[in-house]
């Protein structure tokens, strides 16, 4: 069995676009006719350029290879161009292709992926969700800065069975380096934590998200302010290009520090662990794929740390996250996005039931991917999957982070 053909499908989810402007799916076919699907998480170049990178990685390092040779192909890609270091775009391309390889291997063996990477430790995975509008009165963009609306959404999610909800009210993330938050941003963060905690009590953990927007001192100020509400984690408090500074935050704030959405390969995750991170959040469509995710989980286990795979993409990456989560002892929870389009793209083969994701037992990733539906929603905009604000943070007017719901451009 050899890898023979590649197709790349760029899909734009319908408004409001939970999961980003577009999703990049890889379709890999073997010379025996087996098809595997993967997904590349948000890249730092546009989808046309990223498609060219994905094709180059496949043709240069993978075409004609047995899909079982994951380690060999990874070493080729990791070393390409005399690098041997994490490369966000190249490793993002590899990640989606690697996930497709595991889907192929599982289908060829008639076994789910988790059975091929150590077996099933967990029959269901605790799910968490971002707080999205749940009522007609939750209008955008007001929802993102209204603590009472957040509390109402949190209650709605808890009533569905979720035991953890995430929100990030601390202002926008910008192209500038980490900033000191405005006092109004700190006050809003406290208000959100207080309102959500009072609304859900001890029925759910609250997860305080940021997007690396703070300076070290600013992160410590925010963390100290929200400590009384016992968040389960303080997510990506500073930009990902200075992981050693996380140690100062971890030492100063009594909230577990989490990070990983923008990291790739075990090299960067090992650095995070060395500097006090206790919850790792790899996005498998960027961090190196399923096998690299297994290695990252082993590193975390050796540091008494836990895994919480990140998701701000489509359902194929979600399926990969769940297969990895099923096979590791130190899974904490997995991020979930429940939209009709996510469900339709995999024909309802992966679900959340009472706040947990039942681990699928069907071959490969365990999903039934609707390729026709994916192709029926092509992306025609100009923006990237996610984009950072160019304007500086305001210290006079209200800052608004639009909750990962970018305008349709």
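Read-outs: derived from the displayed coordinates by stated rules, not from any lab. Keep in mind the model is a prediction, meaning the values are calculated, not measured. Positions of Cβ are generated from backbone atoms using ideal geometry, with glycine treated the same way; all protein chains shown enter the neighbour counts.
Data table
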read-out: Descending semi-axes in Å of the chain, equivalent ellipsoid built from Cα gyration tensor; value: 33, 22, 21
read-out: Relative exposure of 230, 380, 278, judged by other C-beta atoms within 10 Å (fewest first); value: 380, 230, 278
read-out: FRET efficiency, residue 187 to residue 247 (Cβ-Cβ, R0 35 Å, nearest 0.05); value: 0.80
read-out: Top of 207, 183, 332 by mean-square fluctuation, Gaussian network on the chain, Cα under 10 Å; value: 183
read-out: Chain lengthening between residue 380 and residue 267 when straightened (0.36 nm per residue, less Cα-Cα); value: 37.1 nm
read-out: Computed FRET value (nearest 0.05) for residue 83 with residue 109, which takes r as the C-beta separation and R₀ as 25 Å; value: 0.15
read-out: The range 3-112 - percent relative contact order, Cα under 8 Å, separation 6 or more; value: 32 percent
read-out: Nearest-0.05 FRET efficiency for residue 148 and residue 343, computed from C-beta distance (R0 30 Å); value: 0.55
read-out: Contact order relative to length of the range 45-182, as percent, for alpha carbon pairs under 8 angstrom and 6 or more apart; value: 18 percent
read-out: Potential lengthening between residue 59 and residue 368 on full extension [0.36 nm per residue; Cα-Cα distance subtracted]; value: 108.6 nm
read-out: The range 3-112: C-alpha gyration tensor shape, a/c 1.5 cut-off, then a/b vs b/c; value: oblate
read-out: Stretch gain in nm, segment residue 175-residue 302, where the contour uses 0.36 nm per residue and the Cα spacing is subtracted; value: 42.3 nm
read-out: Gaussian network model of the chain, springs between alpha carbon atoms under 10 Å - residue of 81, 288, 36 with greatest fluctuation; value: 81
read-out: Spin-label model distance (nm) - residue 121 vs residue 5, 7 Å beyond Cα toward Cβ; value: 3.9 nm
read-out: Directionally averaged shadow of the range 186-268, computed from the convex hull of its alpha-carbon atoms, nm²; value: 5.5 nm²
read-out: Bridge type composition, the chain - antiparallel percent by DSSP, nearest 5; value: 45 percent
read-out: Relative contact order (%) - the chain, alpha-carbon pairs under 8 angstrom, separation at least six; value: 24 percent
read-out: Column: log10 I(q)/I(0), Debye, Cα scatterers of the range 29-170, q = 0.10 Å⁻¹; value: -0.56
read-out: The chain: most fluctuating residue of 60, 124, 221 per GNM, C-alpha cutoff 10 Å; value: 60
read-out: Distance in nm between pseudo-label sites at residue 361 and residue 274 (7 Å out along the Cβ direction from Cα); value: 4.3 nm
